[in-house]
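Colleague: Mind looking over this structure? Questions follow.
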Amino acid sequence: MGRPASPTAHEAALVERLRAGDRAAFEGLIRAYGGKLLAVARRILRDDDEAEDAVQDAFLSAFRSLDGFRGQSELGTWLHRIAINAALMKLRARNRRPEAEIDDLLPQFMERGHHAVSPARWADPPEDDLARAEICRAVRAKIDELPENYRIPLILRDIEGLTTAEVAEQLGTTINAAKIRVHRARQALRTLLNPRLAEDAP
Amino acid sequence: MNCAEFKTGCKEYLEELFSPEERRPYDAHVAECPDCRSIVEKSARMSCRELAEFLDDYLDGALDADLRATFDEHVGICPDCEEYLRSYELTRSLSAESAAHDTPPEDVPEPLIEAILKARESP
Ligand SMILES: [Zn+2]
Ligand SMILES: [Zn+2]
């Protein structure tokens, strides 16, 4: 998920063929990026059928807006943003559940602002690749336990690698609101990880 | 009262959870000990609750110099915030690192490719 860079000559040629309506170019684009976009949509929607629908929507919307692709970012980055947008549209179209609060997972403070419960000392994470990978998978699973209205901002920021401003744009909120959402989500994630990473954990 | 004893009860003292009799030795220690007086002064400049709101900005290096100094000062006198900062920072890095351990992308299913191409051609 690189930052915007000028597209390669190869990409520029591909975009030319796409604009000319070359069917093989469309197919090539889907084959080149479809798997990645499907993974993005699955992370957001956690439903294979909906994710495939979202990827279809994403490509169709990309094909329609090819003229808007000015090469200001890499093709992959551009498609990534479009796929996130399509998946979020699907998510919003689902039956709206009331937004969940996560107060129980946030740190609690006393009247004058001291920690009500002293945070446990965390052990150093393992350096060993296997153990580290195992922790990362556990972290990833815990992220998916967060309520949707915190899970999505965190996924967009930490897993999809968007900037806070891009998260805000995708969610249609102010930058500050997006920043607070991500912060709360990380605090909640910290609480969920605490039993595992606290030094005196069994 | 010595400094170690002061630090043990410092949180309860600052939260004013002690009875007047329990407070008295703390007040006396603060009056005579510049180190512990500085703990009281520093903790008045930023509370743990306030500090928690600045965690991301701090770790992103986005705090202005004054606020950053106040933040550092608080962490220096508050074992709770020192541990919280450390665990929060670790949470942030593990969260970002976990992206690489997600299910790797697979090839697009052929029927999906067909469906997309077909949908493009039908107006
Ligand atoms: Zn002292
Ligand atoms: Zn503190």
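The values are calculated or read from the model by the stated rules, or taken from the named source; none is laboratory data. Computed from a predicted structure; not experimentally measured. Reconstructed Cβ throughout: ideal geometry from the backbone, glycine too, with neighbour counts over all protein chains shown. Note: accessible area is taken over every heavy atom of the protein model, side chains too, but ligands, DNA and RNA are not part of it. Shrake-Rupley method; radii C 1.70, N 1.55, O 1.52, S 1.80 Å.
Colleague: Holding the Cα-Cα limit at 31 Å, pick out from A:179/B:7; A:36/A:179; A:90/A:179; A:36/A:142; A:142/B:42 the pairs that are longer than that.
Modeller: A:179/B:7; A:142/B:42
Colleague: Now for a different question. Given a Förster radius of 56 Å and the C-beta distance between residue B:66 and residue B:103 as r, what FRET efficiency does 1/(1 + (r/R0)^6) yield to the nearest 0.05?
Modeller: 0.80
Colleague: Per residue of A:132-142, how many C-beta atoms from partner chains lie within 10 Å of its own C-beta, taken as a mean?
Modeller: Counting other chains' Cβ atoms within 10 Å and averaging over A:132-142 gives 5.
Colleague: At most 15 other Cβ atoms within 10 Å plus a DSSP loop assignment makes a site exposed; report the longest stretch of chain A without any exposed trypsin sites (Lys or Arg not before Pro).
Modeller: That would be A:122-202.
Colleague: So which cysteines of chain B have no other cysteine's Cβ under 4.7 Å from theirs?
Modeller: Those would be B:3, B:10, B:48, since no other cysteine Cβ in chain B comes under 4.7 Å of theirs.
Colleague: In region B:56-123, carbon and sulfur make up what percent of the accessible area (probe 1.4 Å)?
Modeller: Taking all protein chains in place, region B:56-123 shows 52 percent carbon and sulfur surface.
Colleague: Relative contact order (percent) for region A:7-93, with alpha-carbon contacts under 8 angstrom and 6 or more residues of separation?
Modeller: Relative contact order, region A:7-93: 38 percent.
Colleague: State in Å² the accessible area per residue of the protein assembly as shown; use a 1.4 Å probe, count heavy atoms of protein chains only, and round to the nearest integer.
Modeller: 52
Colleague: Can you order the peptides B:65-77, B:91-103 by their average number of other Cβ atoms within 10 Å per residue, highest first?
Modeller: Put in order of decreasing packing, that is B:91-103, B:65-77.
Colleague: In addition: What's the local net charge at residue B:64, with K and R +1, D and E -1, over the other residues with C-beta under 14 Å away?
Modeller: Here the charged neighbours net out to -3.
Colleague: For chain A, find the longest principal axis of its Cα atoms and tell me its angle to the long axis of helix A:48-64, 0 to 90°, nearest 10.
Modeller: 50
Colleague: Can you give me the Cα centroid spacing of region B:22-85 and region A:135-202 in angstrom?
Modeller: Centre-to-centre (Cα) distance: 26 Å.
Colleague: Another question, if that's okay. Classify region A:103-197 from the C-alpha gyration tensor, please: rounded if a/c falls under 1.5, else prolate or oblate depending on whether a/b exceeds b/c.
Modeller: It comes out oblate by the Cα gyration axes.
Colleague: On to the next question. Sequence gap at least 6, Cα distance under 8 Å: using those rules, report the relative contact order of region A:67-189 to the nearest whole percent.
Modeller: Dividing the mean separation by the residue count of region A:67-189 yields 25 percent.
Colleague: Could you work out how far helix A:9-19 tilts from the main Cα principal axis of chain A, as a 0 to 90 degree angle to the nearest 10?
Modeller: With rounding to tens, the tilt is 70 degrees.
Colleague: In a Gaussian network model over chain A where Cα atoms closer than 10 Å are linked, find which of A:176, A:85, A:149 has the largest mean-square fluctuation.
Modeller: A:176
Colleague: Also, I was wondering about something else. Provide the FRET efficiency to the nearest 0.05 for the residue B:19-residue B:82 pair, computing r from the beta carbons and using R0 = 35 Å.
Modeller: Efficiency, from the Cβ-Cβ distance: 0.75.
Colleague: Compute the helix-to-body angle for A:75-93: its Cα long axis versus the longest principal axis of chain A, expressed 0 to 90° and rounded to tens.
Modeller: 60
Colleague: Something else: Determine how large the accessible area of residue A:150 is when every protein chain is in place; take a 1.4 Å probe and give Å² rounded to the nearest 10.
Modeller: Residue A:150 has an accessible surface of roughly 10 Å² with all protein chains in place.
Colleague: Using 0.36 nm per residue, how much length does the chain from residue A:129 to residue A:176 gain when fully extended, once their Cα-Cα distance is taken away?
Modeller: Residue separation times 0.36 nm, minus the Cα-Cα distance, leaves 13.3 nm.
Colleague: What total accessible surface area, summed over both chains, is buried at the interface between chains B and A, computed with a 1.4 Å probe and given in Å² to the nearest 100?
Modeller: Chains B and A together bury roughly 4900 Å² of accessible area.
Colleague: Can you tell me the FRET efficiency between residue B:110 and residue A:103 if r is taken as the Cβ-Cβ distance and R0 is 45 Å, rounded to the nearest 0.05?
Modeller: Computed FRET efficiency for residue B:110 and residue A:103 comes out at 0.45.
Colleague: So, one more: Between residue B:45 and residue A:198, how many nm apart are label points set 7 Å from Cα along the C-beta direction?
Modeller: With each label placed 7 Å out from Cα toward Cβ, I get 3.1 nm.
Colleague: Can you compute the charge dipole magnitude of region A:91-133 about its Cα centre, using +1 on each Lys and Arg Cβ and -1 on each Asp and Glu Cβ, nothing else charged? Give it in debye, rounded to the nearest 20.
Modeller: 400
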